[in-house]
Structures are given as structure tokens and as C-alpha cells.
Amino acid sequence: VGMPWQEAKVSTPLPEGASIETGPNSKVCIAFGKQYRSSRRAPLSYEGRTNSATLNWENSHLTLDRLRQKRVAGSKSISLEVRLTLKTGHMFGRAPKLAPGSSYDVQFGSCVAQLTNGPSLYDVSAERLIRIQGGPASVTLPESPKPQVVEGGQQLDAHQGVLQRITVDTSHWFHYLP
């Protein structure tokens with residue numbers, strides 16, 4: 001907050017609280033976890049299976065509200081706590097299958113999607129539209145006391161209150177996710 005904008009490059013550390021903006025014809029891939037590598041498919045990707053997430057978007061503004069991980073007591077599993085806020089624009093992402101005690105939340109518009117039963121691929125717009133491939137999302141809407149479940153292959157237009165099968169070809173959206 002109050003800091004000047006800085007250009008991010010491959011392997012730039014992004015701390016909790018970081019704010020990221022992209023311009024026209026640009027995208028960024030972010031991976032959460034400990035081991036990273038560069039590749040032709042994605043500039044930055046996580047090599048592990050459990051704690052990975054990659055985001056891609058353009059003309060958008062995202063904040064990394066919470067990025068935490070810790071080892072689950074008595075286990076080799078790592079608990080992941082992610083909270084992202086898409087303020088404007090659009091993004092794609094991959095939420096991993098999470099260890100017990102983990103959370104993966106994406107706020108978009110006035111809605112919050114909880115992606116806890118991954119792996120899930122998601123496509124989110126700040127205009128309150130979410131599409132899910134893979135594991136389901138539980139979406140909290142401000143006008144409803146009960147969360148709406150969005151299953152794999154479904155989209156929720158929260159602005160219109162319409163849940164339906166995905167109506168467009170999504171296969172090309174996720175081709176650059178590792």
C-alpha cells in the first residue's frame with residue numbers, strides 16, 4: 001500500500017498482500033508452493049502436486065490477500081491457505097486437491113468461491129461469473145444465505161442468478177496451465 005508499481009519478472013517473490021495489475025495483451029502466471037521452475041508452457045509453475053495453483057489473466061487487478069502453508073501435524077501433508085480477490089477483469093486458475101485444514105477462496109465481485117474439493121480448474125470474472133471444470137466450488141452470494149454449489153462442467157452467472165452447463169468451449173482456456 002502506498003508503494004510504487006514494480007514490473008514483475010519470472011521468479012519475482014509475491015508476498016501476502018501483493019496487488020497485481022495487468023495491461024492489454026498481457027498475462028501473468030503465479031504459482032504457490034516451494035519448488036518452482038520456468039517452462040515454455042508457463043513462465044512459472046510449481047513442480048509439486050499438492051500445493052500448486054496457477055493464474056492467468058489480462059486487463060485485470062488481483063490481490064493476494066492470504067498465502068500461507070504449514071505442515072499438518074503428524075503427517076507429510078501441507079495445509080494451504082489461499083485467499084485471492086479479483087477486483088477487476090478476468091482470470092483462470094488451478095486449485096489443487098487440498099490437505100485437511102486447507103482453504104482456497106477466490107472473491108470475485110461480491111461473491112466468494114471456496115474451492116476445497118479439487119483438483120479444480122476455474123474461470124472467474126469480476127462481473128460475477130464463474131465456470132468450473134473438475135472438483136466443485138461452493139459460491140457464497142450476498143443475496144442468498146445458503147452457498148450455491150457449482151459442479152464441474154457448470155457455470156454460475158451470479159449477476160443473473162443462473163446456474164447452467166458451461167455454454168462455451170473451455171478447452172483452450174486452460175492449455176497454458178501446467
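Looking across region 118-130, the residues that are free of Cβ contacts under 8 Å to residues at least 40 places away in the same chain, out of contact with any Pro (no Cβ under 7 Å at 6 or more places or on another chain) and crowded, with 19+ Cβ neighbours inside 10 Å come down to Ser120, Tyr122, Val124, Ser125, Arg128, Leu129, Ile130. On the stretch given as region 76-116, residues that are under 19 Å from Val149 (Cβ atoms), β-branched (Val, Ile, Thr) and part of a strand (DSSP E or B) total 2. Candidates in region 57-77 are the residues that are surrounded by fewer than 18 Cβ atoms within 10 Å (Cβ to Cβ) and under 19 Å from Ala126 (Cα atoms); of these, the one that is modelled with the lowest pLDDT is Glu58. Filtering Leu115, Leu80 for residues that are in contact with a Phe, Trp or Tyr (Cβ under 6 Å, 6 or more places away or on another chain) and open to solvent by less than 20 Å² (accessible area, probe 1.4 Å) leaves a single hit, Leu115. Return the residue satisfying two criteria in turn: it lies in region 1-50 and is part of a strand (DSSP E or B) and modelled with pLDDT under 65, and of such residues it is nearest to Glu81 (Cα to Cα). So, considering only residues that are part of a strand (DSSP E or B) and modelled with pLDDT under 65, the one nearest to Glu81 (Cα to Cα) is Tyr46. The single condition among (1) of a type in the set (S, T, N, Q); (2) touching a Leu at 6+ places or on another chain (Cβ under 8 Å); (3) open to solvent by less than 50 Å² (accessible area, probe 1.4 Å) that Gln133 does not satisfy is (3). Taking into account only those residues within region 148-160 that are touching a Leu at 6+ places or on another chain (Cβ under 8 Å) and part of a loop (DSSP other than H, G, I, E, B), which is most open to solvent (accessible area, probe 1.4 Å)? This residue is His159.
The values are calculated or read from the model by the stated rules, or taken from the named source; none is laboratory data. Keep in mind the model is a prediction, meaning the values are calculated, not measured. Cβ coordinates were reconstructed from backbone atoms using ideal geometry, including for glycine residues, and neighbour counts include every protein chain displayed. Accessible surface areas use protein heavy atoms only, side chains included; no ligands, DNA or RNA. Shrake-Rupley method; radii C 1.70, N 1.55, O 1.52, S 1.80 Å.
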